[in-house]
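Asker: Okay, handing you the structure first.
The values are calculated or read from the model by the stated rules, or taken from the named source; none is laboratory data. Note that the structure is a prediction, hence the values are computed from the model and not measured. Positions of Cβ are backbone-derived with ideal geometry, glycine not excepted, and every protein chain shown enters the neighbour counts.
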Amino acid sequence: MLKKLEYHTWTQLLFAFNYDEPATVPSDQSTIRKLDATFRAPDLGYKRVDYGVLAVKDVAGEHVD
């Protein structure tokens, strides 16, 4: 989902998407990398924030390895 972020003191709109993808997905099959390339191509001032590999919790709140 693409979200528009606004704040009254910001001089420009910000857009964000939050997408989870397993770290084991090969680079050439990564949806995140494909989206990154697509947004970067038109030179829109796009920047990707990469939080790296994050621990995920299952429904019961337990960490998933």
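Asker: Where the second residue is at pLDDT 80 or above and of a type in the set (S, T, N, Q) and the first is closer than 18 Å to LEU5 by Cβ and surrounded by 10 or more Cβ atoms within 10 Å (Cβ to Cβ) and lies in the range 34-52, which pairs have Cβ atoms under 6 Å and are six or more apart or on separate chains?
Answerer: none
Asker: Of the residues VAL25, VAL64, VAL49, which single one is modelled with pLDDT of 85 or more and among the hydrophobic types (A, V, I, L, M, F, W, C)?
Answerer: VAL25
Asker: Next question. Would you tally the residues in the range 1-45 being among the charged types (D, E, K, R), over 26 Å from LYS57 (Cβ atoms) and in a loop (DSSP other than H, G, I, E, B)?
Answerer: Of the residues in that region, 2 qualify.
Asker: Report, ordered by the first and then the second residue, all pairs with beta carbons closer than 8 Å, sequence separation of six or more or different chains, a first member in the range 7-29 that is free of Cβ contacts under 8 Å to residues at least 60 places away in the same chain, and a second member that is polar (S, T, N, Q) and part of a helix (DSSP H, G or I).
Answerer: Pairs that qualify, where the first residue is free of Cβ contacts under 8 Å to residues at least 60 places away in the same chain and the partner is polar (S, T, N, Q) and part of a helix (DSSP H, G or I), are TYR19/THR31; GLU21/THR31; VAL25/THR31.
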